[in-house]
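Okay, so here's the structure we're looking at.
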Amino acid sequence: MKQHPKDERTLVVIKPDGVQRGLMGEIIRRYENVGLKLVGMKMLVPSERHVEAHYTLDPNWRRVTGEKTIKSYREKGMTPPSEDPLEITAKILANLKKYLSSGPVVAMVWEGAHAVGIVRKITGGTEPLSSDVGTIRGDFVLDSYTMADTDTRAVRNLVHASGSVPEAEAEIPHWFKQEELTDYRIIHEEILYDVNLDGILE
Ligand code: GDP
Ligand code: MG
């Protein structure tokens, strides 16, 4: 049976800089305000192994991210540090492992209509320099790939959010056991998803 779009789930991780900047409440508020339902949440310090496994759940991630990075250097009229996508991603991954395991993070699973797409929209584009105003990455942080590369570190963009439904389906069990996720009804679903809105008037 095909899943109803309102049952979609996505993984969000507030990265160590989000926790340190005191933005946990603000970030959670934005996903909560749009009408999504929080079905799992925990704070932990992820190991470097856990972080590497997270980013490489998709066997194509190394190649795709490397190619994307080379392309973005060229678009800026800059020479990429290497022509080999895998060499580029190896550096990005090393920086990401250091970044994400540097302190506590908050991992969450959000559920609701088009959860993956809605969360990505609210989160904003990967590089804060060009993330839209009004998004989390656009409003609360000012980093760039140039800054990150100059200092040999990962770009600090406050949150991770699954990029697609298959990515979410792979990432959620990497961070949460089945029993750590709760199925429940939340009252605002009565209005968001009710077909006839016939339960309001007495
Ligand atoms: P996200 O889903 O928006 O976080 O972005 P991706 O999945 O494409 O990339 C994951 C992470 O890799 C990002 O959060 C960045 O830390 C890093 N990254 C991706 N692309 C680049 C790039 O072009 N340059 C650098 N320095 N880091 C990158
Ligand atoms: Mg991604």
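Things to note:
- Scope the stretch 174-189; condition hydrophobic (A, V, I, L, M, F, W, C) and outside any helix (DSSP H, G or I); matching residues: Phe176, Leu181, Ile186, Ile187
- The single residue among Ile172, Ile191, Ile187 that is surrounded by 12 or more Cβ atoms within 10 Å (Cβ to Cβ) and out of contact with any Asp or Glu (no Cβ under 9 Å at 6 or more places or on another chain) turns out to be Ile172.
- Top-ranked residue of the stretch 116-169 - restricted to ones that are within 11 Å of the chain's Cα centre (by Cα), touching a residue at least 40 places away in the same chain (Cβ under 8 Å) and part of a loop (DSSP other than H, G, I, E, B), ranked as nearest to Glu26 (Cα to Cα): Leu158
- Selection of the stretch 190-200 for residues being assigned to a loop (DSSP other than H, G, I, E, B) and in contact (Cβ under 8 Å) with a residue 12 or more places away in the chain yields only Tyr193.
- Selection status of Leu11, of a type outside the set (Gly, Ala, Ser), out of contact with any Leu (no Cβ under 9 Å at 6 or more places or on another chain), under 21 Å from Met108 (Cβ atoms) and not assigned by TED's automatic domain parsing to the domain that holds Phe176: no
- Any chance Met108 is surrounded by fewer than 20 Cβ atoms within 10 Å (Cβ to Cβ), under 15 Å from the mean Cα position of the chain (by Cα) and assigned to a strand (DSSP E or B): no
- Test for Gly66: is it within 16 Å of ligand 2 (Cβ to nearest atom), more than 18 Å from the chain's Cα centre (by Cα) and over 18 Å from Val165 (Cβ atoms): yes
- Selected residue [surrounded by 11 or more Cβ atoms within 10 Å (Cβ to Cβ), assigned by TED's automatic domain parsing to the domain that holds Lys6 and within 16 Å of ligand 2 (Cβ to nearest atom)] from Ser144, Ser164: Ser164
- Single residue of the stretch 154-173 satisfying the filter (within 18 Å of Leu38 (Cβ to Cβ) and of a type in the set (Val, Ile, Thr)) that is farthest from ligand 1 (Cβ to nearest atom): Ile172
- Residue selected from the stretch 38-63 under the condition charged (D, E, K, R) and within 16 Å of the chain's Cα centre (by Cα), by the criterion nearest to Leu100 (Cα to Cα): Glu52
The values are calculated or read from the model by the stated rules, or taken from the named source; none is laboratory data. The shown structure was predicted, so the numbers you read here are calculated from the model rather than taken from an experiment. No Cβ is skipped: glycine too gets one built from the backbone with ideal geometry, and neighbour counts run over all protein chains shown.
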